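Structure first, commentary second.
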Amino acid sequence: MIIIIDGPPASGKSTLVRVLKLRYCANTYHYKRLGLNNVFYALLLRIAPGLQCCKLERGRVDPIILVNPNYLVKMSILTLILEIMYKCIEYFLLLLLALMNRCLIIDELFSLGWANYFNLLLFKKALRPNYVIFLMRFDLKFFHMLSRLHKIYYYFIDRSLEKLEMFWRKRGNATPYDVRYLLLVRYSFKLFSEISRKYGIKIKINRIYTP
């Protein structure tokens, strides 16, 4: 059995993962997109700080977001290649864990991941439309295969904007809650739900809304 917990930032995903881990005595895996890209762009910003387009206050942020879009456009193919490499590594590890464990809980996946791709496409020009489509198809192909090995339950955790903003501040973030990104996350969930039903991917999908 594989349980996927997804949803917007500060919705309580990690807390729920910890509860489920104790209840089912399961192993957990935190899947985060853009891993190699963030390493690469963090190093690039250290070497060439002039490429940075903005400075943010304390809080977690992907280094790729800080790079000037004019440079990201020129390096879009490199961004794609690094993300494909990262996917291959992460999905190989996920497959091993799925084969070795009766119950595996994954923290973050489709909604946040696809929202990251849409954000880079629409507002940073770091990915081209055909690149985003390729990356999304990569996800779908892998989980279509994985669904033949395990039962997969996908839970999208959502809250009202007021609660999300409150929990965001409680986590110590000084920057305002990104409502635009929230909309991308919710759109990505709806898109994944429709595509998985259309193509018969055997994943049981549930949306849990707590106001």
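The values are calculated or read from the model by the stated rules, or taken from the named source; none is laboratory data. The shown structure was predicted, so the numbers you read here are calculated from the model rather than taken from an experiment. Note that each Cβ is placed from the backbone with ideal geometry, even for glycine, and that neighbours are counted across all protein chains shown. Note: accessible area is taken over every heavy atom of the protein model, side chains too, but ligands, DNA and RNA are not part of it. Shrake-Rupley method; radii C 1.70, N 1.55, O 1.52, S 1.80 Å.
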Of the candidates 78, 45, 22, 16, the one satisfying the condition of being open to solvent by less than 70 Å² (accessible area, probe 1.4 Å), part of a helix (DSSP H, G or I) and either hydroxyl-bearing (Ser, Thr, Tyr) or out of contact with any helix residue (DSSP H, G or I) (no Cβ under 9 Å at 6 or more places or on another chain) (or both) is 16
Practice task
State whether the residues of the range 118-141 include one that is in contact with a strand residue (DSSP E or B) (Cβ under 9 Å, 6 or more places away or on another chain) and open to solvent by 40 Å² or more (accessible area, probe 1.4 Å).
Solution key: no
Of (1) out of contact with any helix residue (DSSP H, G or I) (no Cβ under 8 Å at 6 or more places or on another chain); (2) farther than 30 Å from residue 1 by Cβ, residue 88 satisfies every one except (2)
Looking at residue 179, is it open to solvent by less than 80 Å² (accessible area, probe 1.4 Å) and in contact with a strand residue (DSSP E or B) (Cβ under 9 Å, 6 or more places away or on another chain)? no
From the option list 109, 96, 66, single residue qualifying as exposed (fewer than 13 other Cβ atoms within 10 Å of the Cβ) and of a type outside the set (D, E, K, R) is 96
Restricting attention to the range 78-101, does a residue exist that is farther than 25 Å from residue 141 by Cβ and modelled with pLDDT of 90 or more? no
| query | Out of all the residues in the range 149-161, is one or more out of contact with any strand residue (DSSP E or B) (no Cβ under 7 Å at 6 or more places or on another chain), of a type in the set (Val, Ile, Thr) and outside any loop (DSSP other than H, G, I, E, B)? | reply | no
Practice task
For residue 29, indicate whether it is touching a residue at least 24 places away in the same chain (Cβ under 8 Å), within 22 Å of residue 206 (Cβ to Cβ) and not small (Gly, Ala, Ser).
Solution key: yes
